[in-house]
Amino acid sequence: MYKIFLDTNFLLDCANEERKRHQSAIELAGILQREAFQSAISPHSLMDFDYISRDISKELRTGFIQAFLSFYEVIPLTAELCSHALISEERDYEDGIIRACAESWEADYIVSADKSAYVDSIIPRVEAEDLLEKIKS
């Protein structure tokens with residue numbers, strides 16, 4: 001079974017029906033749960049999710065965060081990982097944090113729609129649609 005690390009945009013895709021990748025994110029989330037894949041997120045992704053989604057009610061945001069906490073392992077964010085993120089080649093610190101967490105957890109894939117992120121990571125970036133195809137084949 002694959003170890004799958006989920007980027008913040010995957011969480012946003014799951015929660016917002018208007019986002020382009022909503023259907024594939026929901027389908028992948030269901031498979032990750034049913035098939036007992038190991039899947040993880042970083043704690044800062046939950047904060048980013050809450051901040052970016054502030055146009056929906058606090059109750060709804062809280063419900064999503066509770067669901068994410070019950071479905072996915074949260075990789076502890078340490079000072080060492082924060083330092084690793086600073087020296088990564090990622091264009092922004094948020095991507096560096098996700099990369100550092102995924103690499104320390106030894107993920108097989110980082111699920112992200114951000115084509116410019118994780119290019120030099122030892123963990124390949126894959127979009128939800130592409131991972132669905134891999135899993136189904």
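I want to confirm something. Restricting to region 101-118 and keeping residues that are without any contact (Cβ under 8 Å) to a residue 40 or more places away in the chain and closer than 23 Å to Pro76 by Cα, which single residue is surrounded by the most Cβ atoms within 10 Å (Cβ to Cβ)? Walk me through it before giving the result.
Of region 101-118, the ones without any contact (Cβ under 8 Å) to a residue 40 or more places away in the chain are 103-104, 115-116, 118.
Still in the list and also closer than 23 Å to Pro76 by Cα: 103-104, 118.
Numbers: Glu103: 19, Ser104: 15, Tyr118: 26.
This residue is Tyr118.
Limited to region 50-80, what total is found for residues that are over 19 Å from Glu17 (Cα atoms), aliphatic (A, V, I, L, M) and within 16 Å of the chain's Cα centre (by Cα)?
Our first condition is that a residue be over 19 Å from Glu17 (Cα atoms); within region 50-80, this holds for 69-80.
Imposing the further condition that a residue be aliphatic (A, V, I, L, M) reduces the set to 69, 74-75, 77, 79.
Now restrict to residues that are within 16 Å of the chain's Cα centre (by Cα): 69, 74-75, 77.
Adding up the residues that qualify gives 4.
For residues that are farther than 14 Å from Val111 by Cβ and under 14 Å from the mean Cα position of the chain (by Cα), scanning just region 23-49, find the one that is surrounded by the most Cβ atoms within 10 Å (Cβ to Cβ).
The residue in question is Phe49.
Considering only region 45-58, state which residues are touching a Leu at 6+ places or on another chain (Cβ under 8 Å) and closer than 13 Å to Asn9 by Cβ. Spell out the reasoning first.
Going through region 45-58, the residues touching a Leu at 6+ places or on another chain (Cβ under 8 Å) turn out to be 45-46, 49, 52-53.
Result: Ser45, Phe49, Ile52, Ser53.
With the structure loaded, tell me whether Phe64 is at pLDDT below 95 and surrounded by 15 or more Cβ atoms within 10 Å (Cβ to Cβ) or whether it fails that test. Give the derivation first.
On the way: at pLDDT below 95: no; surrounded by 15 or more Cβ atoms within 10 Å (Cβ to Cβ): yes.
No: the conditions fail for Phe64.
Cβ-Cβ below 8 Å, separation at least six or inter-chain, first residue in region 125-136 and loosely packed, with under 14 Cβ neighbours inside 10 Å, second not charged (D, E, K, R): which pairs?
Close Cβ pairs satisfying both conditions: Lys134/Val126.
The values are calculated or read from the model by the stated rules, or taken from the named source; none is laboratory data. If you're wondering where the values come from, they're calculated on a predicted model, not measured in any experiment. In this analysis, Cβ positions are derived from the backbone assuming ideal geometry, glycine residues included, and neighbour counts consider all displayed protein chains.
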